[in-house]
Each structure stands twice: as C-alpha cells, then as structure tokens.
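See structure below.
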Amino acid sequence: MRQFCVLILIVPFFTSRGQLNEDFQIGLSAVRPDYIKASMTFLADDLLEGRQPGTRGFEIAAKYVESEFIGLGLVPGANGGYVQKVPLKKGVTDTKASSFALHINEKTESWDYAEHFLVNPYLPSSLVEVNAPLVFVGFGVSAPELGYNDYEKFDVKGKIVVYFNGAPSTFPSTQRAYYSSAVKLQEAVARGAVGVVTLTLPRAQRTSWEASVRRLAQGTFKWVDKNHTPVNAYPELKASVNINPLYTEKLFSNSGKNLQRVYENAQAGKPQAFALKAEASIKVVTKESYIESSNLVGYIPGSDSVLKEEYITYVAHVDHFGIGAPVKNDSIFNGAHDNASGVSILLAVAQAFRELPVAPKRSILFVVVTAEEYGLLGSDYFATNPTIDGKIVANISFDMPFFFHPLLDIVPYGAQHSTLSKHVDKVANIFNLKISPDPFPEQVVFIRSDHFSFIRKGIPALFIKSGFMTIAEDTVDRSKTDVTWRSTTYHTPQDDMKQDFNFEAAAMHAKLNFLIGYFTANDVEQPAWNKGDFFGKKFGKQD
C-alpha cells in the first residue's frame, strides 16, 4: 500500500519534456503528514474544550492559528493584524418555559420538549408567541426553473407552514442542496408565513433525534450588525420547530390525507400542499447573550503587478460544539476530523505556498473562520465584510475531507459549475486520482460548509472530499465505513484523535488542493461560472 502511494506522488514532478517542475515540486515537498498530525493533535486536545465560539478553548485555538500565521510569514490581512472580530448573538432555548400545543377539533394536546418537539431559539427577542393554522407544503420549495412549486395557488399568509427537510430527489444534486438551505425560510417569509415546522422523511434522517436534542442544547448563533441586530434571523417567523419523526402522523390525523401517500408523493418529487385542519400554539423563551469571536486572516502577495489584486482564498473553520451532554462518558466535543483536520491542512497548504521561490501571480488568502457549525457564520461575515482591498476570485474550502484510508478518488463539489473544473481535472490526472460524482446527494453536502458563503457572493468555489474507491487487496467497503462514521461519530465526543487517521492521505488532500490553487493563481484567465450555470445565474450576475 505504501509503495502504491509513493508511485502516484512521483508522477507529477515531471513536465511533458521529462524535466522537473521545480516551482510546484518545492511546494509539494513542503507538505508533511507529521505537521498535519501535530496541528490536529493540539487543536483537538481536551485542553481546548471543544472550541465553541465565546469560550476560552476557542480563544486558545484562535491564538494558535494566529501564531502559525506569524511563523509562516503571512502578511496580516485584517486591519493591520490577523484578527477579524466577529460579533455574535447567542440564543439558548429555555426548554422549561417554551411550549408547543396542538389544537384539533377543539381538543388541545400539549407536547413535551425533547420528547415530541424541539424549538429553535428566537434571536430577535427573548419571548415570542404564535397561534396559527398549520398547512402542509411538501418540501416548502418553489423552483420555477425546475418546474416545481409546492406553494402553487396556496395561500399561507398568517399560517405556520409544515414541510419536509431537504428538497426533491428529482432535482440535480447541487440544486437539491441549494433548495434544502435557508432559501426555504426565505420563501416562507416571502409568502407571509408566521412559523415553520420541519418534518423528516422516513429513511432520510441524517442524524438521530437524540443527537439533534444534544446539538440544540448547545444553542444557536447569528452574527449581528453595528446595531446589534441579528443578520438572517428571519424575525417574521415567530417559531421554528422540529418534530420527532415518531409523532409526525399526529399532525396529519385530521387532514383527511393518507400519510403514506404523502411520503410517496414527496419521494416521487410531486408538489403538494393542503391544510392540516389543525392549529398550533407555540411559545419560545430564549436566553440571550452577546459574544465576540474572531476570524483569522493572512495572505501571500501575488507576484504579478496587476493580478496580485485578485485573491484565491483558502478557508477552514476552527470552531466546534464545546462541552455538552455526555456520550459514552465523554462530554468534550473535540472535533478532530470536524474540523481540526481542515485547519491543519490549510496550514500545510500555506506552508507549501511559502516555500515557493516565486509567489503565484495572484495573491493567496488564508482565512480560518468561526461559527461554521452554527450556520456558516464566520465565513458569511467575512464574505460580507472582506478585510482585503482586492477581489476574491475563487474559494477552496477544507472541512473533514475524509482521510481514514488512502486517497484514490475525489468528489470535487462545485467543480461542475465553473472553470475551476479544468484545474481539478489537471491535478487529478497528475496524481492519478479518479473523479467521482456526489455519492450521497440526499446529504446536501454542497450547502453545508464555508465554500457556500462565497458562492452566495457570486464567487466560484470548490469543496473536495475523498471518494470510496478501493484497490484489489482492500477488504473494506469505504462507502459503508464512512457512512457508519457519520451515524456513530460525527458531532459526538468520539470525534477525537483516537481515530485511525491516515495522515499520508491527509497530506495528499493538502497537495492536490495546493496545486489546484497554484494553477488557478497563475492562470491568465480569471475563474468564471460556466455559461448558463444555475449558480452563475443565481449569484454570479449571469443573464
């Protein structure tokens, strides 16, 4: 196995004439598996207490990254320093004071928090109440360009909309991911809804109900503007509730609709909407606090007098969930793979660029962000409030890329949407890596990490994970082991350094992302959305 990996690493160092390409070889040679392991070991240690924003552990992690930026000789990229302050408002649901009651045919049934329902904190104020009819609107999606509209000819003004999480499986993978995002909340607001209730389709639950309870207990965050107003908090929606899948049927009991048929229609991608002939009374009491977190920003100036004003940006989030409810007698959510790994790979990439004898033509920007776990907040704050004067033309993000096994193929989320694909193809060919499609479109990975904050600003982006290819002597089905990891270890205290990581594979992730950025930074053509691309039209100002 080791011999196989060495062979694929020798291939890229030769040009078409058989001469060593010394520039990027020097950068590639600077990537060391032990350096990635060392950074992860520190960031995932119990000392950092899970790195939740606003805690001492997060501040230690931020200071570590800042020190590494200094040691690497990066130019400070945030108002004369490396630290961009990110103001956040935190909300934690008061579970005893908050309530949900279902009214059907003049009978009222009060539900129990954590057993029947969860309600998200309402950040615009500490107390809010709403009483309104419940209406079911399928996935809550309106996608006219795909010929789909759950709301068609159905008025939800003043009502609480009930919908399944996700989006129709008939949508292309990344469009499915987009319509599974907060765009659903925006649609509900635009149509006058006063609350949302989210349901889970059978066999579509990404995490257990118990894990959802634990996660919400950690609270939620929003970044705030100069008036301390939470941004993207959707104040029009007075309540956002999740229902335990065991009790979904109760909501449909008076609708006259067969729930199994409703499930079948959803799975077939058929729009649907109807009144549930029930009302809900929801009370949300939120414990509020303001905290100051931070992004870390540094860069390497480009070598071209003109192109240096354009930036290729590498991003990884350093936050995790802190200390929470114990799982298997451990309460520290160390976040080794999610995402001490991504930060460590970003630092390795920065070191590779620093070792180059001549910097690339475009500048290379490194941003380590906060509060990704709470809605991509740090990256959204930076993308909305960039600290550099030039133009960000591409983003490459790192977030638990999966290196529990040798890297034989990659899933390059975002590549199919822009000209970044040519550099992905080139580097994959150099390293003899296969390119695989999204193996789990139902997981809507494309919207779930920091690259999406840049896409929403019209910036082409990449987010690369490993695929599941095996070699002849491999007896492990990686698609099963990786899925098992997601269901048993992801977002639990067991995501620590005791796991069997493959740091040679981690180094390969650093090398391929370094080389993609290197070629992009030296390309005479600026990265661009493909003509007619979905995201180019949505965010890239394409006609």
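The values are calculated or read from the model by the stated rules, or taken from the named source; none is laboratory data. Nothing here was measured: the structure is a model prediction, and the numbers come from that model. With ideal geometry, Cβ positions are generated from the backbone for all residues, glycine too; neighbour counts draw on all protein chains shown.
Tabulated data
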| read-out | value |
| --- | --- |
| Hits in the range 449-485 (condition: farther than 30 Å from Ile392 by Cα, of a type in the set (A, V, I, L, M) and at pLDDT 85 or above) | Met469 |
| Counted residues, the range 443-460 - those being within 19 Å of Ser341 (Cβ to Cβ) and among the aliphatic types (A, V, I, L, M) | 1 |
| The listed residue being of a type in the set (Lys, Arg), assigned by TED's automatic domain parsing to the domain that holds Tyr113 and within 25 Å of Ala132 (Cβ to Cβ), out of Lys226, Lys184 | Lys184 |
| Output for the range 201-226, where each listed residue is aromatic (Phe, Trp, Tyr) and either surrounded by 18 or more Cβ atoms within 10 Å (Cβ to Cβ) or in a loop (DSSP other than H, G, I, E, B) (or both) | Phe221, Trp223 |
| Single residue of Asp389, Asp425, Asp438 found to be acidic (Asp, Glu) and in contact with a Phe, Trp or Tyr (Cβ under 9 Å, 6 or more places away or on another chain) | Asp438 |
| Tally of residues being closer than 24 Å to Ile323 by Cα and surrounded by 15 or more Cβ atoms within 10 Å (Cβ to Cβ) across the range 29-40 | 3 |
| Among residues of the range 73-101, those that are in a loop (DSSP other than H, G, I, E, B) and over 20 Å from Gly54 (Cβ atoms), counted | 9 |
| Of all residues in the range 326-371 being within 16 Å of Phe382 (Cβ to Cβ), among the aliphatic types (A, V, I, L, M) and touching a residue at least 60 places away in the same chain (Cβ under 8 Å), the one that is surrounded by the fewest Cβ atoms within 10 Å (Cβ to Cβ) | Leu365 |
| Residue within the range 143-152 that is without any contact (Cβ under 8 Å) to a residue 24 or more places away in the chain and not in a loop (DSSP other than H, G, I, E, B) present | yes |
| Restricting the range 418-448 to residues that are at pLDDT 95 or above and either in contact with a Ser or Thr (Cβ under 7 Å, 6 or more places away or on another chain) or not assigned by TED's automatic domain parsing to the domain that holds Thr484 (or both), the residue that is farthest from Leu377 (Cα to Cα) | His423 |
| Asn265 assigned to a strand (DSSP E or B), of a type outside the set (A, V, I, L, M, F, W, C) and surrounded by 14 or more Cβ atoms within 10 Å (Cβ to Cβ) | no |
